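Peer 1: Encoded as structure tokens, here's the structure I'll be asking about.
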Amino acid sequence: MRILVTGGAGFIGSHVVDKYIIEGHDVYIIDDLSTGRIENINEKATFYKADIRDYDVVKDIICSNSIEVINHHAAQLDVRVSVTNPLHDAGINILGLITLLEAFKESSVEKKKFIFISSGGCIYGDAKCPISETNQIRPESPYGASKASGEYYLNVYCRLYGIEYTILRYSNVFGPRQDPRGEAGVIAIFIGNLIKKNKCFIFGSGDQIRDYVFVKDVVNANLLALDSGNCDFFNIGTGIQTTVNELYTLIAEVMGLTEQKPEYKPERPGELFMNYLDCSKAESNLGWKPVKTLKEGLTLTYEYFKNCS
């Protein structure tokens, strides 16, 4: 297949690019490098430094390369930024998506597929856990609202223009190349601070619960989505509850630094106390389930950051 990965120089997107290339696909990347890193780009991919909101450039890339699949990882992904600057968030996450869809519909390729990355951590809001896809969408931040909006736009473009789609609602993804500004950035922050022997801070009691999924497991969901899950949406996580305190203890154990204790600060307002996903639908419909345990994933992540320091 001829696949365009937006955000293909970023943390998750670059891993997806690597996997698609290993599987023999022709891969093209759009990334403006505002958060992506040039060293993450696979040398076998065709790279375009561009903004997904630039319609003429995007259309030329899609049409001239006869793109069959768009895997859309490019995004403004900081919830706090979305709250302070919702116009900026919507400009990238909503208008950027529409730009891609408008350009894609003009392509002469007969069968088109769009893989959209949504957020299982934000679109459901404060819901009873474990959260399944049957839960009502109730975002509590502009970022969550922009992702929910994207899902609705995909449904409309499917019905009007025949663009098939698969939506992947990630829990907190972590692993090598992780950006500490992401939803699971706490892992990169803890590891980075422990490597440097700096203090680690936990906001609130540390009893907040999250669902951490390793990036290579997430990549496999993106691979399966190429040929399955059409016009449907799936939670991608582990369904396993992990508190921030448990996470810190496990990271310190993996790094052999159990004597270094965290420092606690006041909780941050607006933060969800509990979020973990029911991913049984992905297993039954996509044939996907996570393989790596949290400790295995943290060990691989630590090895990466240790070698980079």
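The values are calculated or read from the model by the stated rules, or taken from the named source; none is laboratory data. Quantities reported herein were computed from a predicted structural model and do not represent experimental measurements. Cβ coordinates were reconstructed from backbone atoms using ideal geometry, including for glycine residues, and neighbour counts include every protein chain displayed.
Peer 1: With the condition kept exactly as written, say whether any residue in region 94-111 is touching a helix residue (DSSP H, G or I) at 6+ places or on another chain (Cβ under 8 Å) and at pLDDT below 95.
Peer 2: If we filter region 94-111 for residues that are touching a helix residue (DSSP H, G or I) at 6+ places or on another chain (Cβ under 8 Å), which is where we start, we get 94, 97-108.
Cutting the leftovers down to at pLDDT below 95 gives us none.
Among the residues of region 94-111, not one is touching a helix residue (DSSP H, G or I) at 6+ places or on another chain (Cβ under 8 Å) and at pLDDT below 95, which makes the answer no.
Peer 1: If you go through region 60-91 one residue at a time, how many are hydroxyl-bearing (Ser, Thr, Tyr) and more than 30 Å from Lys111 (Cβ to Cβ)?
Peer 2: Final tally of qualifying residues: 2.
Peer 1: Could you tell me how many of the residues in region 21-59 are more than 21 Å from Glu110 (Cα to Cα), in contact (Cβ under 8 Å) with a residue 12 or more places away in the chain and part of a helix (DSSP H, G or I)?
Peer 2: 3
Peer 1: Are any residues in region 43-54 touching a Phe, Trp or Tyr at 6+ places or on another chain (Cβ under 9 Å) and either farther than 21 Å from Ile98 by Cβ or not assigned by TED's automatic domain parsing to the domain that holds Glu102 (or both), and if so, which ones?
Peer 2: Quick first cut of region 43-54, residues touching a Phe, Trp or Tyr at 6+ places or on another chain (Cβ under 9 Å) only: 45-48.
Once the filter is applied, which keeps residues that are touching a Phe, Trp or Tyr at 6+ places or on another chain (Cβ under 9 Å) and either farther than 21 Å from Ile98 by Cβ or not assigned by TED's automatic domain parsing to the domain that holds Glu102 (or both), region 43-54 yields Ala45, Thr46, Phe47.
Peer 1: List every residue pair whose Cβ atoms sit under 8 Å apart, with the two residues 6 or more apart in sequence or on different chains, where the first one lies in region 138-153 and is assigned by TED's automatic domain parsing to the domain that holds Pro86 and the second, anywhere, is of a type in the set (Lys, Arg).
Peer 2: Correct list of pairs: Pro139/Lys147.
Peer 1: Residues in region 192-208: is at least one crowded, with 21+ Cβ neighbours inside 10 Å, in contact with a Lys or Arg (Cβ under 6 Å, 6 or more places away or on another chain) and among the hydrophobic types (A, V, I, L, M, F, W, C)?
Peer 2: no
Peer 1: Say we look at region 65-116 and pick out the residues that are of a type in the set (Asp, Glu) and in a loop (DSSP other than H, G, I, E, B); which of these is nearest to the chain's Cα centre (by Cα)?
Peer 2: Per the stated criteria, the residue is Asp78.
Peer 1: What's the number of the only condition in (1) surrounded by fewer than 18 Cβ atoms within 10 Å (Cβ to Cβ); (2) out of contact with any helix residue (DSSP H, G or I) (no Cβ under 7 Å at 6 or more places or on another chain) that Thr242 fails to meet?
Peer 2: (2)
Peer 1: Applying the selection to region 247-271, what residues are more than 14 Å from Phe201 (Cα to Cα) and either touching a strand residue (DSSP E or B) at 6+ places or on another chain (Cβ under 9 Å) or loosely packed, with under 15 Cβ neighbours inside 10 Å (or both)?
Peer 2: Leu250, Glu253, Gly256, Leu257, Thr258, Glu259, Pro269, Gly270, Glu271
Peer 1: Anything in region 254-289 that is without any contact (Cβ under 8 Å) to a residue 60 or more places away in the chain, part of a helix (DSSP H, G or I) and not aliphatic (A, V, I, L, M)? List them, or say none.
Peer 2: Glu283, Ser284, Asn285
Peer 1: Sort out which residues of region 234-289 are over 16 Å from Tyr124 (Cβ atoms) and hydrophobic (A, V, I, L, M, F, W, C), and write them in order of number.
Peer 2: Ile240, Val244, Leu247, Leu250, Ile251, Ala252, Val254, Met255, Leu257, Leu286, Trp288
Peer 1: Right, another one. Looking at region 129-236, what helices (runs of 4 or more DSSP H) fall wholly within it and have at least 2 residues that are within 25 Å of Ser107 (Cα to Cα) and out of contact with any strand residue (DSSP E or B) (no Cβ under 7 Å at 6 or more places or on another chain)?
Peer 2: So the answer is 142-161, 215-224.
Peer 1: Still on this structure, I have one more. Would it be correct to say that Gly175 is at pLDDT 95 or above, more than 28 Å from Ile41 (Cβ to Cβ) and not basic (Lys, Arg)?
Peer 2: It is false that Gly175 is at pLDDT 95 or above, more than 28 Å from Ile41 (Cβ to Cβ) and not basic (Lys, Arg).
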